[in-house]
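Here the structure is laid out as structure tokens; the discussion comes afterwards.
The numbers here are math on the coordinates, done by the rules we state, and not lab data. Just so it is clear, the model here is predicted, and its values are computed rather than measured. Cβ sites come from the backbone with ideal geometry, for glycine too, and all protein chains shown count toward neighbours.
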Amino acid sequence: MEKNNQKPNIVPRPPVVVVVGHIDHGKSTLLDYIRKTNLTESEVGGITQNISAYEVLHKDEKGVDKEITFLDTPGHESFSKMRERGAIIADIAILVVSAEDGVKSQTIEAWRTISEMKLPSIVVINKIDKPSANIEKTKKELAANEIYLENYGGKIPYVEISAKAATGVDDLLSVILILSEMENFTGNTEEDASGFVIEADLDSKRGIQATLIIKNGSLHKGMFVVVEDAITSTRIIQNFKGVMIDTASFSAPIRLCGFDRMPKVGAAFQTFKNKKGAIKYIEERSPRPADTPRYKEEASTPFLNKEGVGGGKKIIPILLKADVSGSLEAIEKEIAKIRSESAEFKIIVKGVGPISESDIKNISNSKNAIIIGFNVKADKSALEVAQKRGISISFFDVIYKMTEWLIEQMEKLRPKIETIETTGRAKIIRAFSRTKNFQIVGGKVIEGRILLNGTVKIMRREFEIGRGKIVNLEKGKIKTSVIEEGLEFGMMIESKIEIAPGDILELFSIAQK
């Protein structure tokens, strides 16, 4: 009865579903099957590193085709903000857990986000076809982490599947449609479209572009879209397949290009029928000086002295360019984890898009500067300037490989602290012949060991009076390379200092830490 009383323009809308879970638990493989493509093989390292949105069709219980929009979010720990963003935008969350590996740290983190957002959810137990799969063990681990499934102490619906073998996937889609009908998601077709930014990047030919999810209303060609203070027209609208379209409505993922500045990922967008209304909205929302640039890369230059030291630590500057803002955000989080007592990385310039000539020029005066391109290339002019100035550019397409490389760079570039470690002490009992800088002495090792070719401090009454090098070492008139503690020896030592009975020789080594 209630549905009959609704206004004609208020209609059920397709659910927006976010797929979350630990890395390598099969999220992308599941979506690959659902949308009949093979994204995983084309992705570097098989790891999803951008949020993507896809529409699929599935027949409901009455045999009617119903749309479902899926968001695919990365499972790697570094992309936690992107996962949170996906959960905020979605209507339903699917938590994928491997029946092989069970509950992992990202599984728990993803569930925490789902719970905080109070999202209707479905648990998918994947990889049930694997020989080592243990479904009951996985259910117990879920329950141990307060994720209570239906018929297992709770009310959370779950589906057992094999994404690779396509077992149970149709059941999952059916459960999504049932849950969507229960939640009664609706939208107003007559309102101007509104929703959220999923991703944003800088294309060398098309300029700044963004992927949006419409959560309500309709979008038509000729309208204007505003994200905070970024604006674009809808002259070019693409659906998730890249096909040009003239109109779109709620739950649809679309791509727009031509923004005048980089829109913030995760921010809400509003649409207007004309540019005047869009500009008025921006000015009323956040007035700014007329000379403020519409788009610029973020840059922050810390105080550095000539040695690149700030705040008591050596600062290693980084210029970071990435393909999309989500990747940029994740990389910043990863870099912040790399720490040393004597040095730290500082991102002094960051941006989305290829590495340009101006990027190289801006950082060329910074000592030990690191330039990183993540899923982007460098302009030809940038490569030429970098080569001329002896600047190296490092390119990566998998985040953990970049992290491993940065850890190595931190170890190479951080200031080294020299420590002197005493490894042996010997007391001189007799002093024999001396010729220029060479002297023969006899003694006994009182601590540690004495080594041939070792460097020693010559100590007299606890004060260092000089240093020497052991050039010959004998035990019982037989040449040797080491004398252990408690044994007597004879040695030839090279030193300008004359050694006397009672002196102590301290063998030492210098280590950099």
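Sorting the segments 255-262, 390-397 by their residues' average number of neighbouring beta-carbon atoms within 10 angstrom, most packed first, yields 255-262, 390-397.
Magnitude of the Cβ-charge dipole of segment 175-282, K/R +1 and D/E -1, about the Cα centre, nearest 20 debye?
In debye, rounded to 20, segment 175-282 gives about 500.
Classify segment 341-398 as rounded, prolate or oblate from the Cα gyration tensor: take a ≥ b ≥ c as the square roots of its eigenvalues, call it rounded if a/c is under 1.5, otherwise prolate when a/b beats b/c and oblate if not. Judged from the Cα gyration tensor, segment 341-398 comes out oblate (a/c at least 1.5, b/c at or above a/b).
What FRET efficiency would be calculated for the residue pair E116, I446, taking the C-beta separation as r and a Förster radius of 56 Å, to the nearest 0.05? FRET efficiency, E116 to I446: 0.30. Under a model in which nothing but the beta-carbon of Lys, Arg (+1) and Asp, Glu (-1) is charged, the chain shows a dipole of about 2240 debye around its Cα centre. Most tightly packed first, judged by the mean number of other beta-carbon atoms within 10 Å of their residues, the peptides 26-32, 169-175, 352-358 read 26-32, 352-358, 169-175. When the charge dipole of segment 349-471 is built from unit charges on Cβ atoms (+1 for Lys and Arg, -1 for Asp and Glu) and taken about the Cα centre, the candidate among G466, L406, A386 whose Cα reaches farthest toward its positive end is G466. For segment 423-513, just say rounded, prolate or oblate: build the C-alpha gyration tensor, square-root its eigenvalues into a ≥ b ≥ c, call rounded for a/c under 1.5, and beyond that prolate if a/b exceeds b/c, oblate if not. Rounded. In straight-distance terms, cross-link reach from K139 covers every one of the lysines whose alpha-carbon lies under 28 Å from its own, apart from those fewer than eight places away in the same chain; here that gives K27, K81, K104, K118, K127, K130, K155, K164. Here's how it looks for L452: its modeled amide H is under 5 Å from those of V482, which are all 5 or more places away or on a different chain.
Peptides 107-114, 16-23, 145-152, 452-459 ranked from most to least packed, by the mean per-residue count of other Cβ atoms within 10 Å: 16-23, 107-114, 452-459, 145-152.
Please say if segment 148-216 is rounded, prolate or oblate, where rounded means a/c under 1.5 for a ≥ b ≥ c the square roots of the C-alpha gyration tensor eigenvalues, and otherwise the choice is prolate for a/b larger than b/c and oblate otherwise? In terms of gyration-tensor shape, oblate. Scanning residues 5 or more positions from F508 or on other chains, those with amide H under 5 Å from its amide H are T423, T455, K457, with H placed 1.01 Å from N in the peptide plane. Evaluating 6.51 cos²θ - 1.76 cosθ + 1.60 at θ = phi - 60° for every residue in segment 315-323, the Karplus couplings come out as 8, 9, x, 10, 9, 10, 10, 9, 6 Hz, glycine and proline recorded as x. Think of the chain as having a plus end and a minus end, set by charges on the Cβ of Lys, Arg, Asp and Glu; of G486, I108, N9, G486 sits farthest toward the positive end of this dipole.
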